[in-house]
1. Taking 0.36 nm per residue of separation and subtracting the Cα-Cα distance, what length does fully extending F83 through Q205 add?
2. I'm a student and want to see the number: the projected area of the Cα convex hull of region 204-262, averaged over all directions, in nm².
3. Report, to the nearest whole %, how much of the accessible area of region 122-305 belongs to carbon and sulfur atoms, 1.4 Å probe, protein only.
4. Pairs K123/K234; K136/K290; K189/K290; K99/K154; K88/K198; K123/K189: which exceed 24 Å Cα-Cα?
5. Using the Cα atoms as the points, what is the convex hull volume per residue of region 273-315 in Å³?
6. Top to bottom by accessible area (1.4 Å), largest first, where do T228, T208 land?
7. Using a 7 Å offset from Cα along Cα-Cβ at T306, what residues in region 117-135 end up with backbone N under 20 Å from the label point?
8. Could the peptides 183-190, 88-95, 280-287 be put in order, highest first, of the mean number of other beta-carbon atoms found within 10 Å of their residues?
Amino acid sequence: MALVHKLLNGTYILRKCPKPSVASCPFLGTRFADYCSSSLEKPVAAPGKASSQRKTEGNLEGHHQREVALDITSPEDKPEVSFDKAIKEEIKDHFRRLKDDIVNHWIGPEGRPLHEVLMEQAKVVWQFRGKEDLDKWIVTSDKTIGGRSEVFLKMGRSNQSALLYGTLSSEAPQDGESGRSGYCAMISKIPRGPFERKRFYDWSQFNTLYLRVRGDGRPWMVNIREDTDIIQRKDQMYSYFMFTRGGPYWQEVKIPFSKFFFSNQGRIRDAQYQLLLDKISSIGFTLADKVDGPFFLEIDFIGVFTDPAHTEEFAYENSPELNPRLFK
C-alpha cells in the first residue's frame, strides 16, 4: 500500500511540474523536452475526427433521450377513458340509425321506391366478397356438447366465395347422457336494427331459393327459421335437402319454398305448416350424414327469385289447413 501511495503521489507531482524547456535544461536537448511535454499532455484529436466524435456522441445522447421519452409517458398523454362519453356516443348512433329507418320507411321497403320492389324478380341476399360478409355468419358443431367434429369458415380464392370446411366425427361424447353426435352447421346471424331490435327478411314476392355452391358430394340440409318471440317455437325450422355433386365445377341449386318441411328439435312433425316468407330471420346449412372424415362446401352467393313455371303452393298434404279431417 505504501508503494502504491508513493506512485500516485509521484504521478500527481509529475503532472504539476512545468513543461521542460531547452532554456532551463540546455544539456538535455530539444528532443527530451518535446518527449516530456507530449507524454504529460492529453492527446488532442484532429479537427475532423473531433467533430465526427462530437456528432456521434450527440446522436447517441439524442437517441437515449428519445428512448427515455418513449418509455416514460406523461399523465397528459395517457388516453382518457370515459364510460359516460361512450354511452352517449352509442345512444347517438342508435338514434341516428333509427332516424334512417324512419326515413327509409317513408320512401319504401328497404329505402327503395315501392314500384322497384314489386317489379324485382331476383335478389341476392348474401354474397361473400370480404371479411365483413363472413362476420354475418356463425359456425357451430357438436363440440358444444362434447363431440369431436370441427368446422371452420374462411374466404375462398381471390375473395370471391366462402369456404366452409372441417372434419366430421360421429363419435358420441363420453358424458353418459348424449347417445348420438356428429354434426357441423353454418348459420346466418339475425339482423339487428337500432337499439338491438330484431329485423327479418321479407321474401313474400319470391317462390324459390337460389344458391351457387361447390361441394364434395355430401348431402346438406338447408334450414330456414321464422322470426318469432315465442320460446316454445325457438327450435322450430323448415328444412330441405341439398345434394352436392362434387368435382371442380360450380352448381346452381334451386329449391322452391313450397318443398320445405316443418320440423321441431330436429324431428319432422306429422302436422306440416307452410313457411311464412314475410318473416324470415335466418338461414343455415347442416351436415350430419354420419360419414366421418373431412368435408368442404364453397358458397358463392345465396339469393331468392321468382320462378314463373313453379305454381305449387304447398307440397305436403298432411297439413291441418289443406286436410283438416286428418287431424280431428
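The values are calculated or read from the model by the stated rules, or taken from the named source; none is laboratory data. What you see is a predicted model; the values in this text were computed from it and never measured. Positions of Cβ are backbone-derived with ideal geometry, glycine not excepted, and every protein chain shown enters the neighbour counts. Side chains included, ligands, DNA and RNA excluded: accessible areas come from the protein's heavy atoms. Shrake-Rupley method; radii C 1.70, N 1.55, O 1.52, S 1.80 Å.
1. Taking F83 through Q205 to full extension adds about 39.4 nm, to one decimal.
2. 4.8 nm²
3. 49 percent
4. Result: K123/K234; K136/K290; K189/K290; K99/K154 exceed 24 Å.
5. Dividing the Cα hull volume of region 273-315 by its residue count gives 168 Å³.
6. Final ranking, largest accessible area leading: T228, T208.
7. 117-126
8. Peptide ranking by packing, descending: 280-287, 183-190, 88-95.
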